[in-house]
Amino acid sequence: MSPRSTNPGGASRVRRRALLGTAVLVVLVALAGLAAYLTRDGRTSLKVPTEHASSDFLSSPTAPASASSPPHDSRGNLPVPPSTHDPIAFGKAAAAALWSYDTRAYSQHELLAALRGWLTSEKKYADTASVDALVPSRVLWKEMAANGQFATAKVNEAHFPDSFTQALQADPGAITTAYVYAVTVSGKQSIAWNGSPHGGTENRVTTLAVQCRPSHPCALAGVLSAVAP
């Protein structure tokens, strides 16, 4: 398993996760671990006038093959978000970025800063803590760097979860509040270090919240705490 850091929560973090959960539709409440994303005191309704943006994406649940390329290679470049309006393509790139690191090439702080650059600029939908939690702590990073540890990612597939697709088909206007899409990505993470160039490989799967407003390229809203199939 790849290491993860922990960050203490607070009231603002709970509210941000609540907004994020509402944005990816209340249908995800049935999934274990998403309660913190879906509590909003019952004050917000997703029923808004229908616009034209969501149906085009739903008709094509997989991205072109070229979109599955990792955002950075094994030489240790920091991840840079792609400019795309396709939430599936962006989700693949974001997952590859989140599953990759190279302690030989940059610091933990530099990786955190780079990954935060993938987040939406709309603060109420940006769950920074969920992204930070996937980066090893400073102490652990230092130990990993002493061994030259690095990880690369291969994305196999990405799709809209069935529950998300069904909810949008039932209420297409729901997405127009925040244009946040749930995207489930699967792939593999390979970890290696000094003296073990091949290391080990494990399967990875995660559900991301991706914001794609019609007028702006996609951005990451956060990482859901449970996988939506």
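The values are calculated or read from the model by the stated rules, or taken from the named source; none is laboratory data. Keep in mind that what you see is a predicted model, and the values were worked out from it rather than measured. With ideal geometry, Cβ positions are generated from the backbone for all residues, glycine too; neighbour counts draw on all protein chains shown. All accessible areas refer to the heavy atoms of the entire protein, side chains included, with ligands and DNA or RNA removed. Shrake-Rupley method; radii C 1.70, N 1.55, O 1.52, S 1.80 Å.
Extending 7 Å from the Cα toward the beta-carbon at both Val205 and Gln166 defines two label points whose distance is 1.7 nm. Each peptide in 197-209, 88-100 receives the mean, over its residues, of other Cβ atoms within 10 Å, and ordering these scores from highest gives 88-100, 197-209.
Taking all protein chains as shown and a probe of 1.4 angstrom, Tyr101 keeps an accessible surface of around 10 Å².
Under the combined filter of DSSP loop state and at most 10 neighbouring Cβ atoms within 10 Å, the stretch 161-223 retains none of its chymotrypsin sites (Phe, Trp or Tyr not before Pro).
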